[in-house]
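In what follows, a single structure is set out as structure tokens and then discussed.
Laboratory data are not the source of any read-out in this text; all were calculated from the coordinates shown. For clarity, every value in this text was computed on a predicted model and none was experimentally measured. Every residue, glycine among them, receives a Cβ derived from its backbone with ideal geometry; neighbour counts consider all protein chains shown.
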Amino acid sequence: MNKLNAATLVAVVMTALVLYVLAWIPAIPVWAVFISWACFFHMNGGESRNQAWLSTLLHIGVGIVSAWLSALVVLSNPLAHASVGAWWAPVIIGLVIGVLFRLGVSARFSITPAIIYGYAGTFAFLSVPGRFSKESLMSLSLDNVLLAMGISLALGISAGYVNAIVVERLCMVRLKGSKA
């Protein structure tokens, strides 16, 4: 089987399986799984699986943790009753984004868009009513963005890893068949 056909077949089958399984766990954001899965391939997961797995985990993980911390700081607004209180969240988030961009000077954190995927995805999760609260952010439940997004990240990059292996194996079957 050629690589395009193998990748297409695996994408169809694995997507259906992942969607079916995650339908039973609605607290896990399925979109975050697919963002991590796609990011795994953006990080060269088709050619260098181990490096891509670790790099995706690190970059998106930094974004998730940074957003969680940002949310806690935003919720601790000391200026809530002042006329400048409305600027607290935009300034905090802007400053954190600036720090995340500056991390890009380090080779370890050089893929800034992946960090921002984690950061933005975390705030997307927090936009669900009831989740943007100190209680949720500090809970040991899947309402806590660290747990839900962390699980989504692990599932997504693991799905990408399996996807890459299956595509490689399907392509090998083709090669063995063409030698006979």
Expected unfolding gain across Ser133-Val84 under the 0.36 nm per residue rule, minus the alpha-carbon gap, is 15.5 nm
Whole-Å distance linking the alpha carbon centroid of the range 98-127 with that of the range 1-49 is 21
Mean-square fluctuation maximum in Gaussian network of the chain, Cα pairs under 10 Å, restricted to Ala16, Ala107, Ala124, hits Ala107
For 142-148, 166-172, 61-67, ranked highest to lowest by mean beta-carbon neighbours within 10 Å, the order is 61-67, 142-148, 166-172
Taking only the Cα positions of the range 3-99, the convex hull volume per residue in Å³ is 130
Taking a crude spin-label model, label points 7 Å out from Cα along the C-beta direction, the Ile25 to Asn5 distance in nm is 3.4
With the label point 7 Å along the Cα-to-beta-carbon line of Ala124 and a cut-off under 12 Å to each amide N, the hits in the range 25-67 are 29-39
A chain fully extended from Phe41 to Val166 at 0.36 nm per residue, minus the present Cα-Cα distance, gains in nm 43.6 nm
So, relative contact order of the chain in percent, Cα under 8 Å, 6 or more apart, is 40
If the chain between Leu95 and Val73 were fully extended at 0.36 nm per residue, the gain over the current Cα-Cα distance would be 6.7 nm
Of the DSSP H helices in the chain, the ones reaching 30 Å or more along their long axis in Cα terms and averaging at least 1.0 in Kyte-Doolittle hydropathy are 49-75, 145-179
Rh_Kirkwood(the chain) over Cα pairs, Å, one decimal, evaluates to 17.8
